[in-house]
1. Summarise the long-distance tail of P(r) for the range 32-100 by giving the % of C-alpha pairs beyond 20 Å.
2. Going by average Cβ density within 10 Å per residue, which order do the peptides 99-106, 46-53 take, highest to lowest?
3. So what is the diffusion coefficient of the range 61-188 in µm² per second by Stokes-Einstein at 20 °C and 1.002 mPa s, using a Kirkwood Rh over Cα pairs?
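Where a number appears in this text, it was derived from the coordinates with a stated rule and is not lab data. Only a predicted model underlies this, so the values are computations on that prediction, with no experimental measurement involved. Every residue, glycine as well, gets a Cβ built from its backbone with ideal geometry; the counts of neighbours run over all protein chains shown.
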Amino acid sequence: MKVGLFGQRLTLMEELKAATSLAHGQLQTVPFFVSLPACQLPLESYVGQLRALAAIHGALEPALAESDHFAVRAVWKEEQRKLPLLEADLRFFAPRVVADLKKAVEATSRVVERIRLRSLEQPLAQLGCLYVLEGSTLGGVVLRRQYARAFLLAGQEGQAYLNSYGPRVYERWAQFQDRKSTRLNSSH
């Protein structure tokens with residue numbers, strides 16, 4: 001159990017926020033997210049991102065659903081599944097025959113392997129991944145307009161993942177935060 005600056009025990013949510021803060025800041029400077037608002041990305045970059053996210057969710061969601069760790073069971077809800085949304089987005093782009101980006105596929109394979117390994121060795125690590133992915137639903141509110149403009153997307157087609165919770169995104173984030181306020185030393 002980690003403690004805060006004044007000796008108080010941190011909630012799981014507080015620990016995850018602190019642990020991911022640096023990476024979150026670094027992610028915002030990645031060329032992909034710098035080029036997106038300038039509409040300077042090829043379609044392959046977005047479809048590659050969707051494919052990577054589908055692989056990640058495809059590994060993470062079953063691990064979360066099958067976990068017997070009390071904190072994972074308290075936090076994960078089936079309504080958080082995003083794989084079906086990603087699959088819908090990929091079906092939309094399928095007729096365009098967008099090529100894979102080799103480096104992205106290799107990087108995704110490494111992430112998926114880490115998720116699978118950690119789900120066995122460190123079940124709570126899954127909640128770190130879930131925290132980041134659920135937090136990205138908030139970013140989707142802003143980024144959805146940028147993706148639509150950059151890739152000429154109209155309506156919801158090709159953007160189901162970015163619009164995971166529709167107008168309820170902030171409500172769903174609050175519910176997720178409430179569930180994650182579980183302390184690591186809670187009993188079953």
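1. Considering the range 32-100, 45 percent of its Cα-Cα pairs are separated by more than 20 Å.
2. The most tightly packed comes first, giving 46-53, 99-106.
3. 131 µm²/s
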